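There's a structure below that I have some questions on.
The values are calculated or read from the model by the stated rules, or taken from the named source; none is laboratory data. Everything numeric here is computed off the predicted structure, so don't read it as measured data. Cβ atoms come from the backbone with ideal geometry, glycine included; neighbour counts cover every protein chain shown.
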Number of protein chains: 2
Amino acid sequence: MAQEKFKREAVVLDTSLFVNPAVRESFGRTPTEALESFLSLALQVPTLEFYMPPSIFEELLNFIEPEKISGDLLIVLNQKPPKKYELSCPAFLLYELIEDIRERVNKGLRVAEKAVRGVTRIGEEEVIKDLRRKYREALREGIIDSKEDVDLILLARELDAMLITADQGIIKWAEKLGIKWLLPSKFKEYLLSSIKRDHLLAEHLKQ
Amino acid sequence: MAQEKFKREAVVLDTSLFVNPAVRESFGRTPTEALESFLSLALQVPTLEFYMPPSIFEELLNFIEPEKISGDLLIVLNQKPPKKYELSCPAFLLYELIEDIRERVNKGLRVAEKAVRGVTRIGEEEVIKDLRRKYREALREGIIDSKEDVDLILLARELDAMLITADQGIIKWAEKLGIKWLLPSKFKEYLLSSIKRDHLLAEHLKQ
């Protein structure tokens, strides 16, 4: 009976939670501090299971000092890749992805043409700088564009988990696929409330 | 018993069969002639069922004179869209698509930068012409890049059909998804042999 009441919910974490300064603020001054403080809170929530795809963890490793992270990491933050050869995705999403990319590719060409036409007026170096920014904006922002992004989405789908991310492209896909998501800026509150709930639950079960 | 032996096979047609001059040659001088000559051959092969997604047929309409096409079209060439809200695609393909696009997007930026750096040497108009060609090459060729492409692939998958296309991007996906495909240049031969086989089969059934 007690077991039934303790059905664990899965949560999939993106790196932004620890890496993005504005977001991790509530957890710590550095990515390492933020990860440590997350681990100590996470340990207190037996009803939640935390996951991160290994590809995302690899990214995180570029920002933290691994030797300063406690062994709790190994039991609190499960590193699990999605079952990419077993999962499937609805075919209509292919249409949306391909159409989205098509529009972006066209926009990228317009950005490039405009850059070429600006050279004599603005100068090569200035134009290149501007081109890079605008091209990136046109082709990368608000779209899933890496295997790490796909890992996050598929893992959350596989585990029916809540996805903690600030990436607009990923959030858009989470919406399409019916995946719960939460902005990292809300995540500490979410953890603290979960700790409170788990305490109440434990009290209740003792009675 | 006879019915069992006449199990019909599905064939999905791309427009290139009728539109690409090098390919349609064996069928006729114009797209309209090619379509008419296909229809008269197709009528003679009761074991094959021919399909075209409506989106592809729309494209074809830009090239033919509809009033010159016989009503056989309506019974020989089934216009059927894929069941896009029921079909699914293996998730690992998402990875391949996203990685492919990522590389192309990077290449597109390099093409654009090179164009910008060529303006003072080569001149704006020449650079723009060159940019358009190279950008297109980098971002469009050998990849599925329109909903019409997706329609073809999904319809062939749904019907377990053979796909007749010369599009390298579509062929690549057919290979990934286990879809039979044939180059349009081989298609007339394929039809003629099918007519022969169906005659033999009919003889055999009469005995």
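Within the stretch B:179-187, does at least one residue satisfy the condition of being more than 11 Å from every other protein chain (Cβ to nearest Cβ), surrounded by 19 or more Cβ atoms within 10 Å (Cβ to Cβ) and of a type in the set (S, T, N, Q)?
There is no residue in the stretch B:179-187 that is more than 11 Å from every other protein chain (Cβ to nearest Cβ), surrounded by 19 or more Cβ atoms within 10 Å (Cβ to Cβ) and of a type in the set (S, T, N, Q).
So, one more: Can you say whether A:Ile56 is under 30 Å from B:Asp145 (Cα atoms) and either in contact with a Ser or Thr (Cβ under 8 Å, 6 or more places away or on another chain) or not assigned by TED's automatic domain parsing to the domain that holds A:Arg197 (or both), as far as the supplied structure shows?
So A:Ile56 passes the test.
Please count how many residues of the stretch A:112-149 are more than 30 Å from A:Leu60 (Cα to Cα) and not in a helix (DSSP H, G or I).
Looking only at that region, the number is 1.
Turning to a different aspect of this structure: Which is among the hydrophobic types (A, V, I, L, M, F, W, C) and either under 30 Å from B:Leu97 (Cα atoms) or buried (at least 20 other Cβ atoms within 10 Å of the Cβ) (or both), of A:Leu74, A:Leu94?
Only one candidate qualifies: A:Leu94.
Here are some conditions: (1) of a type in the set (D, E, K, R); (2) surrounded by fewer than 15 Cβ atoms within 10 Å (Cβ to Cβ); (3) at negative phi. B:Asp160 meets all but one. Which one does it not meet?
So B:Asp160 meets the others, but not (3).
Let me confirm something: among B:Phe50, B:Phe63, B:Phe38, which residue is part of a loop (DSSP other than H, G, I, E, B) and in contact (Cβ under 8 Å) with a residue 12 or more places away in the chain?
B:Phe63
Got at least one residue in the stretch A:115-130 being over 21 Å from B:Glu99 (Cβ atoms) and touching a Leu at 6+ places or on another chain (Cβ under 6 Å)?
Yes, there is a match, as at least one residue in the stretch A:115-130 is over 21 Å from B:Glu99 (Cβ atoms) and touching a Leu at 6+ places or on another chain (Cβ under 6 Å).
Please work out which one of (1) more than 24 Å from B:Leu109 (Cβ to Cβ); (2) not assigned by TED's automatic domain parsing to the domain that holds A:Gln79 is the condition A:Ile122 fails and give its number.
Failing condition for A:Ile122: (1).
A further question on this structure: Test B:Leu152 against the stated conditions and say whether it is in contact with a helix residue (DSSP H, G or I) (Cβ under 7 Å, 6 or more places away or on another chain), in contact (Cβ under 8 Å) with a residue 60 or more places away in the chain, more than 7 Å from chain A (Cβ to nearest Cβ) and closer than 30 Å to B:Ala42 by Cβ.
Judged against the criteria, B:Leu152 is a match.
Sticking with this one: How about the stretch B:162-189: which of its residues are among the aromatic types (Phe, Trp, Tyr), assigned to a helix (DSSP H, G or I) and in contact with a strand residue (DSSP E or B) (Cβ under 8 Å, 6 or more places away or on another chain)?
B:Phe187
Follow-up. For the stretch B:112-137, name all the residues that are surrounded by fewer than 20 Cβ atoms within 10 Å (Cβ to Cβ), small (Gly, Ala, Ser) and touching a residue at least 12 places away in the same chain (Cβ under 8 Å).
Scanning the stretch B:112-137 gives a single hit, B:Gly118.
Residues being touching a residue at least 24 places away in the same chain (Cβ under 8 Å), more than 10 Å from every other protein chain (Cβ to nearest Cβ) and in a loop (DSSP other than H, G, I, E, B): count how many of those fall in the stretch A:71-111.
So the count comes out to 2.
Return only the number of the condition from (1) closer than 21 Å to B:Val105 by Cα; (2) more than 7 Å from chain B (Cβ to nearest Cβ) that A:Glu158 does not satisfy.
For A:Glu158, the exception is condition (1).
Also, I was wondering about something else. Can you pull out the residues in the stretch B:27-63 that are of a type in the set (S, T, N, Q) and surrounded by fewer than 16 Cβ atoms within 10 Å (Cβ to Cβ)?
B:Ser40, B:Gln44, B:Thr47, B:Asn62
Which of the following residues is under 24 Å from the mean Cα position of the chain (by Cα) and over 30 Å from B:Ile128 (Cα atoms): A:Ile143, A:Ile179, A:Ile101?
Criteria check complete, one pass: A:Ile179.
Which residue, of A:Asp167, A:Asp151, A:Asp198, A:Asp100, is surrounded by fewer than 19 Cβ atoms within 10 Å (Cβ to Cβ) and assigned by TED's automatic domain parsing to the domain that holds A:Ser26?
The match here is A:Asp198.
I would also like to ask the following. Condition first: of a type outside the set (A, V, I, L, M) and at negative phi. Now tell me which residues in the stretch B:173-189 satisfy that.
Listed by number, the residues that qualify are B:Trp173, B:Glu175, B:Lys176, B:Lys180, B:Trp181, B:Pro184, B:Ser185, B:Lys186, B:Phe187, B:Lys188, B:Glu189.
In addition: State all residues of the stretch A:41-70 that are of a type in the set (Ser, Thr, Tyr) and within 14 Å of another protein chain (Cβ to nearest Cβ); if no residue qualifies, say none.
Of everything in the stretch A:41-70, just one residue is of a type in the set (Ser, Thr, Tyr) and within 14 Å of another protein chain (Cβ to nearest Cβ), namely A:Ser55.
Moving to a separate point now. In this structure, is B:Phe57 closer than 29 Å to A:Tyr85 by Cβ, out of contact with any helix residue (DSSP H, G or I) (no Cβ under 8 Å at 6 or more places or on another chain) and hydrophobic (A, V, I, L, M, F, W, C)?
So B:Phe57 does not fit the description; no.
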